[in-house]
Structures are given as C-alpha cells and as structure tokens.
Amino acid sequence: HTGGQTTYFEARNVLGKPAFGQLIEMTGAITVAEGKLAMPPLKLAVLGAGTLPAPTRLGLPQLADDFGQWIETEGRIRVAESSRGRLSLLLHDRGRSCVVYVMGPPRTNDFKWLLDAKVRIRGINSSKIVNGSLDAASVLVPRFEEITILEKPASNPTAVPVVSIGGLLNREFGPWTNTAVHLNGLIASYQPGQSVVVQDPT
C-alpha cells in the first residue's frame, strides 16, 4: 500500500521476506518481451515499521467496489475448513456469500467453534468482477488477528438434529436454506477443499 493504492507483486519475484505492516522499498525493472510483461526479481529493503491504512468499510454486496484495496467487511461464518493447508471461511450476509482465505499455516485444525459466529474481517478485496458487477466475492486476510468475533454462535451448529438426505431434498425452499443441517451417512467421494458426496439409505 503506497498511501493511496494497493498493488500486488508475485511473491516469487521479490527478493526478501517482509513482515505484515512493515514499510518497504522495492527496486527493479519491468520489461516487455513479445507483447508480454516480464518482471525480473525485485530487491526489497525494509525501512521500518509502517502504519496500516484505515480500511474501506464495505458490505458483502458492495465488494464489486474497491477491488484490490484494503477493506473491512462483516458476515456470519457458514463454513470453516483447512483441508488445503490454510484456513478458508465462507461468510454470509444480506443474501451474499464471500470466500475468505486466511494466509499462513493454520494454528489448529479445529475451527468448529467459529461456525455461525458473526465476524468482522480486514483484508484485500480479491473479488471477481464481471462487467462491473460482483460475480464471486473473495477476500485475502493476511493473518488470523485480522478476524474479530462480533457475536458468538447462539447455539452449537453441530448439535442440530440429524435429518435424512431424502427428507432434506423434499423440503420446500425457505429461510432454512441459510441455516445448518446435520446429515449422517457414508462418504461416497471426496475432493479436499472442494466437495464431499454423502449417501444414506434414503
């Protein structure tokens, strides 16, 4: 962050190991070869401790604005998982969902206590924007300390009574589709960080 804008650099092209919040100076050259940008390694020097900018406060439906900028948003956590070696969250608020990636290795594999908690997060708005509209909301959070618990879960989501898959599929859509359900069955297939297929007798 330069004081006005935020810019991303591919980490593999940066010579040095900066820490979160440090003031740095990078030097290097960008060349154009055959119509493509080429970035040789950039040298990085740490100048000292910096001051983080005040984040822009956006609701989840507003993440089509301020792409790539330091922002703050809120929502309830619907999913918390770390199967890909980092904590991933799914926030939900006002009919919109947002994927949140917390950088760095997770400190634990047990994040069930986060389910259904209302949180405020700070990070970089990395949402996918198509023709000026929000297509897929996502935020990159540099560390777990940028997540603030605003409201603890009203109840334990894992204590919800078990329902059959058949009974669930026959329900009419309604407000329950944004609440937790509890299934009991056999795993038919599993793709870490993507999907799991569960079967039961129904």
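Which percentage, to the nearest 5, of the DSSP beta bridges contained in the chain is antiparallel?
80
Counting other C-beta atoms within 10 Å, and keeping those with at most 12, which DSSP coil chymotrypsin sites (Phe, Trp or Tyr not before Pro) do you find in the stretch 1-82?
For chymotrypsin sites (Phe, Trp or Tyr not before Pro) across the stretch 1-82 that sit outside H, G, I, E and B with at most 12 neighbouring Cβ atoms in 10 Å, the list reads Tyr8, Phe9, Phe20.
Cross-link partners among aspartates and glutamates for Lys36, C-alpha distance below 16 Å, same-chain residues fewer than 8 apart left out?
Glu10
Under a Cβ-only charge scheme (Lys and Arg +1, Asp and Glu -1), can you give me the dipole magnitude of the chain about the Cα centre, in debye to the nearest 20?
For this selection, approximately 260 debye.
Volume per residue, Å³, of the convex hull around the alpha-carbon atoms of the stretch 33-140?
168
Label-point separation (nm) for Arg94 and Thr108, each offset 7 Å from Cα along Cα-to-Cβ?
Here the modelled spin labels are 3.2 nm apart.
Residues of the stretch 124-162 with backbone nitrogen within less than 17 Å of a virtual label 7 Å along the Cα-to-Cβ line of Val181, please, listed as ranges.
Only 157-162 fall inside the zone, counting backbone N under 17 Å.
Which lysines, if any, have their Cα less than 21 Å from the Cα of Lys118, not counting same-chain residues under 8 positions apart?
Lys152
Dipole of the chain (Lys/Arg Cβ +1, Asp/Glu Cβ -1, origin at the Cα centre): which of Pro41, Gly3, Ala54 lies farthest to the positive side?
Result: Pro41.
Ignoring any ligand, DNA or RNA, what whole percent of the accessible area of the chain comes from carbon and sulfur when the probe is 1.4 angstrom?
54
Can you pull out the GluC sites (Glu not before Pro) in the stretch 136-178 that DSSP calls coil and that have at most 11 other Cβ atoms within 10 Å?
Taking the stretch 136-178 and a limit of 11 other Cβ atoms within 10 Å, the loop GluC sites (Glu not before Pro) found are Glu172.
Can you give the charge dipole size of the stretch 51-96 about its Cα centre, rounded to the nearest 20 debye, using +1 on the beta carbon of Lys and Arg and -1 on the beta carbon of Asp and Glu?
Using Cβ point charges on Lys, Arg, Asp and Glu, the stretch 51-96 gives about 220 debye.
Among His92, Trp113, Ala136, which residue has its Cα furthest toward the positive end of the charge dipole of the stretch 1-142, with +1 on Lys/Arg Cβ and -1 on Asp/Glu Cβ?
Trp113
Per residue, what accessible area does the chain have, given a 1.4 Å probe and all protein chains present, in Å²?
Value returned for the chain: 66 Å² of accessible area per residue.
Treating only the Cβ of Lys, Arg, Asp and Glu as charged (+1, +1, -1, -1), what charge dipole size does the stretch 112-202 show about its Cα centre? Round to the nearest 20 debye.
So the magnitude is around 220 debye.
According to a simple spin-label model (label point 7 Å from Cα along Cα-to-Cβ), what is the distance in nm between Ala54 and Ala154?
3.3
With viscosity set to 0.890 mPa s and temperature to 25 °C, compute the Stokes-Einstein D of the chain, Rh being the Kirkwood radius across alpha carbon pairs; µm²/s, no decimals.
Rounded, D is 124 µm²/s.
Calculate the spin-label point distance for Glu34 paired with Ala188, positioning each point 7 Å from the Cα along the beta-carbon direction, and give it in nanometres.
Distance between the two pseudo-spin positions: 4.6 nm.
Subtract the Cα-Cα distance of Glu172 and Arg84 from 0.36 nm times their separation in residues, and report this length gain in nm to one decimal.
28.3 nm
The values are calculated or read from the model by the stated rules, or taken from the named source; none is laboratory data. Predicted model, so just to flag it, every value in this text is computed and none were measured. All Cβ positions, even for glycine, are placed from backbone atoms using ideal geometry, and neighbour counts span all protein chains on display. In case anyone asks, the SASA skips ligands and DNA or RNA and just uses the protein heavy atoms, side chains included. Shrake-Rupley method; radii C 1.70, N 1.55, O 1.52, S 1.80 Å.
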